[in-house]
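Dropping the structure in here first, questions after.
What follows is calculated from the coordinates using simple rules that are stated; it is not laboratory data. Quick caveat: nothing in here was measured; it's all calculated off a predicted structure. Backbone-built Cβ (ideal geometry, glycine too); neighbour counts: all protein chains shown.
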Amino acid sequence: ELARLRYMDVVTLQGGSTPALTDDELEAVLSGSVPEKDLLPPVVQYEWFRDTQSFDNPRGAQYTVVSNDAGKRLAVTAQLSDDLGEVLVFPELQASRQVSNNTTVPDGWSISLTPQASPLYVGQRLDVAHRPIDTSLESVSYEWFRLETVSGWKTADSIGTLRSYSVTEDDIGSYIGVRAILTFNNEKYDADVVSSSTAMMAPSGNTYSLDATILPLSLYLDSELDYTYSVLRNGSVIDVDPSQLSVEWY
């Protein structure tokens, strides 16, 4: 009975953009409405809907948006059961997303956090990773948030609007999320992602990270490749002798 009180009770759709675009990879993810709800129920089944019509999706929690979904609303419902087969009823076990009629957005729109830091220490710098932007056609804005839970966007606090963010002591105990809004042909597409763990103070009091970028950003046949790097301590760049670094290409 005590375990049931800790079962995750919220399903969200992650991946891709809002509205969704063809070829977006969507995933239904369970989380807790409060931090104490941190256990995955023994049995989880997913049912997908296109508008109000249920359809078969053999991949379960994951779904790739297809061209026939354009203009429709995709939804997923999670059915949870305990060890005895009893169905668990929670109010937030359905998530949905509209699919855009626009099929001309090049390469879709999705983002990720870099690095995927866990634990997430104070001083760690986080960046938004995404595909290259065609500045003649597109623009991107960013907004960072502090969340109580991984699904807590409704009560999230805005904490920054740059492409990068350095975790502060004010973030301790919170998840860090970022939303990147792509504007293309006067239409907006939102993509968001949340850290996999909450922020905490590093045991040593210092957090180090290494950022590296391959140059040039656009690659062509016979391009001459180079790189830049920076080493950060508690979010600030520090000088490091190049002889202390080793580089391997893959």
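Whole-Hz Karplus ³J(HN,Hα) for the stretch 113-128, in order, using 6.51 cos²θ - 1.76 cosθ + 1.60 and θ = phi - 60°, x for Gly and Pro?
Working through the residues one at a time gives 8, 9, x, 7, 7, 8, x, 9, 8, 4, x, 5, 8, 10, 10, 8 Hz.
Something else now. Determine the equivalent ellipsoid of the stretch 1-63 by diagonalising the alpha-carbon gyration tensor, then write out the semi-axes as square roots of 5 times the eigenvalues, largest first, rounded to whole Å.
That gives 26, 14, 9 Å for the three semi-axes.
Something else: Long-range amide H contacts for VAL150: which residues qualify at under 5 Å (H placed 1.01 Å from N, peptide plane, sequence gap of 5 or more or a different chain)?
GLY32
If you don't mind, another one. Between beta-carbons, use under 14 Å as the cut-off and find the net charge around ARG179, counting Lys and Arg +1, Asp and Glu -1.
Values: positive: ARG146, LYS154, ARG163, LYS188; negative: GLU143, ASP157, ASP190, ASP192.
Its environment carries a net charge of 0.
Something else about it: Sort ARG179, ARG131, ARG50 so the one with the fewest other Cβ atoms within 10 Å of its own Cβ comes first.
Taking fewest neighbouring Cβ atoms as first place, the list is ARG131, ARG50, ARG179.
Sort the following peptides by mean Cβ neighbour count (other Cβ atoms within 10 Å, averaged over residues), highest first: 82-92, 10-20, 134-144.
The densest-packed peptide leads the list: 10-20, 134-144, 82-92.
Give me, ordered by chain and number, the residues 5 or more places off LEU120 or on other chains with an amide H under 5 Å from its own placed amide H.
MET200
Which one of TRP48, TRP109, TRP153 has the biggest mean-square fluctuation once the chain is modelled by GNM with Cα springs under 10 Å?
Among TRP48, TRP109, TRP153, the largest GNM mean-square fluctuation belongs to TRP153.
Quick check: residue separation of GLU86 and ALA202 times 0.36 nm, minus the Cα distance between them. What number comes out in nm? Can you show the working numbers first?
Working: separation 116, 0.36 × 116 = 41.76 nm, distance 4.23 nm.
Between GLU86 and ALA202, full extension yields an extra 37.5 nm.
Sticking with this one: Springs between alpha-carbon atoms under 10 Å, Gaussian network over the chain: tell me which of PRO216, PRO119, PRO106 tops the mean-square fluctuations.
Judging by the Gaussian network model, the answer is PRO216.
Right, next: Amide H of THR18 versus every other amide H placed in the peptide plane: which residues, excluding those fewer than 5 positions away on the same chain, fall under 5 Å?
ASP190, ALA191
What do you get for chymotrypsin sites (Phe, Trp or Tyr not before Pro) in the stretch 181-248 restricted to DSSP loop and a cutoff of at most 11 other Cβ within 10 Å of the site's Cβ? Before the final figure, lay out each step's value.
On the way: sites: PHE184, TYR189, TYR208, TYR220, TYR227, TYR229; in loops: TYR220.
When the chymotrypsin sites (Phe, Trp or Tyr not before Pro) of the stretch 181-248 are filtered for loop state and at most 11 Cβ neighbours within 10 Å, TYR220 remain.
Same structure again: Using only the Cα atoms of the chain, what do you get for the radius of gyration and for Dmax, in Å?
20.6, 63
With Cβ to Cβ distances under 13 Å as the rule, what net charge do the other residues near ARG163 carry (K, R +1; D, E -1)?
Net local charge, ARG163 excluded: -1.
Now for a different question. Summing Lys, Arg as +1 and Asp, Glu as -1, what charge do residues with Cβ under 11 Å from the Cβ of ASP211 carry, ASP211 excluded?
0
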